Amino acid sequence: METVDRILSESPSIEELEDILHGGQLSCNHVDEVWPNLFLGDMYMSHDRYGLWRLGITHVLNAAHGKMCCKGSDDFYGTTVKYYGVPANDLPTFDISSFFYPSAHYIHDALSTTAKVFVHCAVGVSRSAALVLAYLMIYCNYSLVDAILKVKERRWIFPNRGFLKQLMTLDNEFSYKLQSK
């Protein structure tokens, strides 16, 4: 606990973030509600239209849009579900940061109504988790560590190192803005 308290007061290293990610919730389901009306899951659940309907999902954000296992579209979900696709590769070299603000805006706009949002990728631990963490940082004013801890209360996540570095950059931008005020 002492390490987490110290990390909360400083900018964590990539290794310290990975230590936090390794702890806590060690399993995940096909879908988990990680924030009120915000669900994080995998491709299995993304293909289960009936399961999504039962959860009341009104919006889908596919963080693996166009990839072999996650070919989502408006047509697949029909007229009752709004769809947003992010064509991200789960590679440390992929720039997912260019999708942080558009994805966070999509989630925020949906959650500002009575919507329920399902964010997914292939496994639901890296690409989609990075976008959910960015949402919590951008719209809920969470630090990266706090966002990770919040999501890990409900689901095991592990964004790849490249995504973590991009989230660290976002976190540092917010820290800089706070210090400048």
Query raised in the report: Would you pick out the residues in the range 36-64 that are of a type outside the set (D, E, K, R), outside any helix (DSSP H, G or I) and surrounded by 21 or more Cβ atoms within 10 Å (Cβ to Cβ)?
Result: Leu38, Phe39, Leu40, Gly41, Ile57, His59, Val60, Leu61, Asn62, Ala63, Ala64
Report summary line: Contact list, first residue from the range 18-37 and within 13 Å of Phe118 (Cβ to Cβ), second anywhere and open to solvent by less than 60 Å² (accessible area, probe 1.4 Å) and in a helix (DSSP H, G or I), beta-carbon distance below 6 Å, six or more apart or interchain, is His30/Met45; Val31/Met45; Val34/Val151; Asn37/Leu111
Query raised in the report: Among the residues of the range 30-51, is any farther than 23 Å from Leu164 by Cα, hydroxyl-bearing (Ser, Thr, Tyr) and in contact with a helix residue (DSSP H, G or I) (Cβ under 7 Å, 6 or more places away or on another chain)?
Result: no
**Report entry** Residue among Ala122, Ala104, Ala115 that alone is modelled with pLDDT of 95 or more, of a type in the set (Gly, Ala, Ser) and under 25 Å from Leu21 (Cα atoms)
**Finding:** Ala104
Query - Residues (open to solvent by 60 Å² or more (accessible area, probe 1.4 Å), within 24 Å of Leu149 (Cβ to Cβ) and part of a loop (DSSP other than H, G, I, E, B)) located in the range 77-115 - result: Asp90, Pro92
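The values are calculated or read from the model by the stated rules, or taken from the named source; none is laboratory data. Predicted model only: the values in this text are computed from it and were never measured. Cβ coordinates were reconstructed from backbone atoms using ideal geometry, including for glycine residues, and neighbour counts include every protein chain displayed. Heads up: the accessible areas ignore ligands, DNA and RNA and are worked out on the full protein's heavy atoms, side chains in. Shrake-Rupley method; radii C 1.70, N 1.55, O 1.52, S 1.80 Å.
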